[in-house]
Amino acid sequence: MSDWASRRLHFVGIGGAGMSGLALVCAELGATVTGSDRSDSSYMERLRAAGIEPVVGHDAANLPAGAEVVVSTAIGPDNPELALARERGVEPIHRGALLAELCAEKRLIAIAGTHGKTTTTAMLAWALRGLGADPAFFVGGEVPGLGPDGTTANAGWGGGEWVVAEADESDASFLALEPEIAVVTNVEMDHHSRWGSEAELRAAFDEFTAGASAVARPQDLDLDVALAVPGRHNLFNARAAIAAAELAGFDRHTVANAIADFPGVHRRLELKGERSGARIYDDYAHHPTEVREALSALRELAPARLFAIFQPHLYSRTKAFAEQFGATLALADAVAVLDVYPAREEPVGELAGVSGLDVARAAADCGTGRPVLWTPTLEAAERAFARRLGEGDTLVTIGAGDVFKVAEALVEGEDAA
């Protein structure tokens, strides 16, 4: 085991799903941890509960003397803390490199794939925890019941021999990992700013699996799995988790039973509450395949009407998939489309003029008469559906940005009434 207690780590962007998990585990292993992020979040609250005091806002003054600096791809070179670190001669550590360093301490099961890797990672960690294996885990989302005393968690350092880690292809950081067991849930183009073609992406996944002793093949499983979470896609996720656990030496039927009560991950078909007798969900889907699976899963619940509020994520993804998003959203009975959540991108150069309106137009063309509303802001989307909802309806907010706030506002509006 490395001497983590001797290290001082400063996380620039500590409030993200991946970065906060790394910070929590490093602190658990004895490192001195500080960090900052541009805004507050539930991840920041969890850091504070663990005794870490992140700063809201980026400033050079946040960087302690003598600290190593950890960054994600989202941190630009103009960040004042990163700039000061380089002035001091401190070369930043990418989050992927730090994850690889931590994972090298145990036997690693790494879960990669364009879709489903967060849920599959969480399912596997949940099952191994239930079987007494006490794994370390790094999940790119919040999992109710996976933390100490049944609290919500996205990372932890268990006492067992295994570490279960979500492996991110978006910035190629998964190539830093050296898994004993590798899982690939599926491969599709998603991050167009990083990968020039699907062939290049598939070559990277081949490299990811090349060094593993075993690769999980969930398609080889023929057992039925009873799950507490809806959707055909979650059945596939569960099979991937079971296949990985079986390669690690666990009985597949015992693992299937352990996954049966898995509660899901926040922002993955998460039930937020009700309004006017309608059930309101939120989902992180940001690729046409994911949107289709989310809407199909909710159709399985037989709602009277299915409404979707969609927020495109990234200009590059919106440009590439506007037509596919429109066709997929036609699975709902009525749709509202917000403007693009830009994250780290700007609508300049080849992305100039890209807008959520492109998706709304495509949805209208594919909707065969179904209502499609252009609601550029969160407030406009909330107003559009506040009085449409009725008994037996289902509404889902969809996207990797802040569209979940619409779902929360609609539920809170019911409470206020």
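Would you check if Thr120 is within 16 Å of Gly141 (Cβ to Cβ), in contact (Cβ under 8 Å) with a residue 24 or more places away in the chain and either in contact with a Leu (Cβ under 8 Å, 6 or more places away or on another chain) or among the hydroxyl-bearing types (Ser, Thr, Tyr) (or both)?
Spelling it out, Thr120 is indeed within 16 Å of Gly141 (Cβ to Cβ), in contact (Cβ under 8 Å) with a residue 24 or more places away in the chain and either in contact with a Leu (Cβ under 8 Å, 6 or more places away or on another chain) or among the hydroxyl-bearing types (Ser, Thr, Tyr) (or both).
Please work out if Ala112 is within 24 Å of Leu314 (Cα to Cα), touching a residue at least 12 places away in the same chain (Cβ under 8 Å) and either in the same structural domain as Val184 (by TED's automatic domain parsing) or touching a helix residue (DSSP H, G or I) at 6+ places or on another chain (Cβ under 7 Å) (or both).
It is true that Ala112 is within 24 Å of Leu314 (Cα to Cα), touching a residue at least 12 places away in the same chain (Cβ under 8 Å) and either in the same structural domain as Val184 (by TED's automatic domain parsing) or touching a helix residue (DSSP H, G or I) at 6+ places or on another chain (Cβ under 7 Å) (or both).
The rows are residues; the columns are (1) in contact with a Lys or Arg (Cβ under 7 Å, 6 or more places away or on another chain); (2) over 23 Å from Leu269 (Cβ atoms); (3) part of a helix (DSSP H, G or I).
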position: Pro376; (1), (2), (3): no, yes, no
position: Ala384; (1), (2), (3): no, no, yes
position: Gly401; (1), (2), (3): no, no, no
position: Val406; (1), (2), (3): no, no, yes
position: Leu410; (1), (2), (3): yes, no, yes
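The rows are residues; the columns are (1) within 19 Å of the chain's Cα centre (by Cα); (2) part of a strand (DSSP E or B).
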| residue | (1), (2) |
| --- | --- |
| Ser2 | no, no |
| Ile14 | yes, no |
| Gly30 | no, no |
| Val69 | no, yes |
| Gly89 | no, no |
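If Phe208 passes every condition in (1) in contact (Cβ under 8 Å) with a residue 60 or more places away in the chain; (2) in a loop (DSSP other than H, G, I, E, B); (3) surrounded by 21 or more Cβ atoms within 10 Å (Cβ to Cβ) but one, which one does it miss?
(2)
I need the full set of residues from the range 341-361 which are in a loop (DSSP other than H, G, I, E, B), in contact with a Pro (Cβ under 9 Å, 6 or more places away or on another chain) and surrounded by 13 or more Cβ atoms within 10 Å (Cβ to Cβ), in order please.
Listed by number, the residues that qualify are Val354, Ser355.
For the range 142-160, does any single residue satisfy the condition of being in contact with a Ser or Thr (Cβ under 8 Å, 6 or more places away or on another chain), under 22 Å from Glu188 (Cα atoms) and touching a residue at least 60 places away in the same chain (Cβ under 8 Å)?
Checked against the condition, which is being in contact with a Ser or Thr (Cβ under 8 Å, 6 or more places away or on another chain), under 22 Å from Glu188 (Cα atoms) and touching a residue at least 60 places away in the same chain (Cβ under 8 Å), the range 142-160 yields no hits at all.
Residues Gly356, Gly349, Gly367: which one is in contact with a helix residue (DSSP H, G or I) (Cβ under 9 Å, 6 or more places away or on another chain) and either at pLDDT below 95 or farther than 22 Å from Ala386 by Cβ (or both)?
Checking each option against the conditions leaves just Gly367.
Which condition does His287 not pass, out of (1) in contact (Cβ under 8 Å) with a residue 60 or more places away in the chain; (2) at positive phi, if it passes all the others?
All conditions pass for His287, except number (2).
Condition check: in contact with a Ser or Thr (Cβ under 7 Å, 6 or more places away or on another chain), of a type in the set (Gly, Ala, Ser) and surrounded by 21 or more Cβ atoms within 10 Å (Cβ to Cβ). Does Gly57 satisfy that?
Taking the combined requirement at face value, the residue does not satisfy it.
Just give me the residues in the range 156-176 being in a strand (DSSP E or B) and farther than 14 Å from Ala110 by Cα, in sequence order.
Across the range 156-176, the qualifying residue is only Gly156.
Test of understanding: among Ala332, Ala256, Ala322, Ala364, which residue is in a helix (DSSP H, G or I), more than 16 Å from Ala407 (Cα to Cα), among the small types (Gly, Ala, Ser) and in contact with a strand residue (DSSP E or B) (Cβ under 8 Å, 6 or more places away or on another chain)?
Sole residue among the options that is in a helix (DSSP H, G or I), more than 16 Å from Ala407 (Cα to Cα), among the small types (Gly, Ala, Ser) and in contact with a strand residue (DSSP E or B) (Cβ under 8 Å, 6 or more places away or on another chain): Ala364.
Give just the number: which of (1) hydroxyl-bearing (Ser, Thr, Tyr); (2) in a helix (DSSP H, G or I); (3) more than 19 Å from Val164 (Cα to Cα); (4) at pLDDT 95 or above does Tyr43 not satisfy?
Unmet condition: (4).
Given (1) part of a helix (DSSP H, G or I); (2) within 29 Å of Arg267 (Cβ to Cβ); (3) in the same structural domain as Ile14 (by TED's automatic domain parsing), identify the lone condition not met by Glu101.
(3)
Among the listed residues Ala65, Ala74, Ala155, Ala104, identify the single one that is among the hydrophobic types (A, V, I, L, M, F, W, C) and surrounded by 19 or more Cβ atoms within 10 Å (Cβ to Cβ).
Of Ala65, Ala74, Ala155, Ala104, the one residue that is among the hydrophobic types (A, V, I, L, M, F, W, C) and surrounded by 19 or more Cβ atoms within 10 Å (Cβ to Cβ) is Ala155.
The values are calculated or read from the model by the stated rules, or taken from the named source; none is laboratory data. From a predicted model like this one, the values you see are computed outputs, not experimental measurements. Every residue, glycine as well, gets a Cβ built from its backbone with ideal geometry; the counts of neighbours run over all protein chains shown.
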